[in-house]
Amino acid sequence: MSGYTVQMEGGSTIIESVEYMFKMIVQRNRQVSLERNTALIEATLYKEEGAFVRDCNYLFEAIDSDNIPVCNVKLDVFKSAVDFFFTSILGTDLYVQYIPKASSLCGEQLKAFQFETR
């Protein structure tokens, strides 16, 4: 998946794909409450120091064209945009992404997992 635009705004990064009509905001070490219920993905960045050591967390939140958080997105498009952030912007593949309980995508990921394990 290519064709992203990247904007840095304060402590946030906004990544947009016109091709997939997808936009997200990325923030380092941001915490959210369980009541949030918007499309979120968290990822932990690691560094190698003789072993893999946790460096920090990033929170990715899907937003609309007016930068308002949204609940429904295509999960594969969202995950690909997260991959783009780490591999192209940070230049690393030492990360693990996951869907937090506060995410509206949590149920969708559970359904996909159940389908894969049958």
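The values are calculated or read from the model by the stated rules, or taken from the named source; none is laboratory data. Please read all numbers here as calculations on a predicted model, not as lab measurements. Ideal geometry is used to build each Cβ from the backbone, glycine not excepted, and the neighbour counts take in all protein chains shown. All accessible areas refer to the heavy atoms of the entire protein, side chains included, with ligands and DNA or RNA removed. Shrake-Rupley method; radii C 1.70, N 1.55, O 1.52, S 1.80 Å.
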* Counting Lys +1, Arg +1, Asp -1, Glu -1, what net charge surrounds E42 among other residues with beta carbon under 15 Å of its beta carbon? -> +3
* Counting only protein heavy atoms and using a 1.4 Å probe, what share of the accessible area of the chain belongs to carbon plus sulfur, as a whole percent? -> 50 percent
* Structure fact -> Output for the stretch 1-103 (equivalent-ellipsoid semi-axes, sqrt of 5λ from the C-alpha gyration tensor, Å, descending) is 22, 17, 12
* Structure fact -> Once Lys and Arg are counted +1 and Asp and Glu -1 for all other residues with Cβ under 11 Å from that of D83, the total becomes -1
* Can you give the net charge of the other residues whose Cβ lies under 10 Å from the Cβ of S65, counting K and R as +1 and D and E as -1? -> -2
* Relative contact order [Cα under 8 Å, 6+ residues apart], the chain, whole percent -> 26 percent
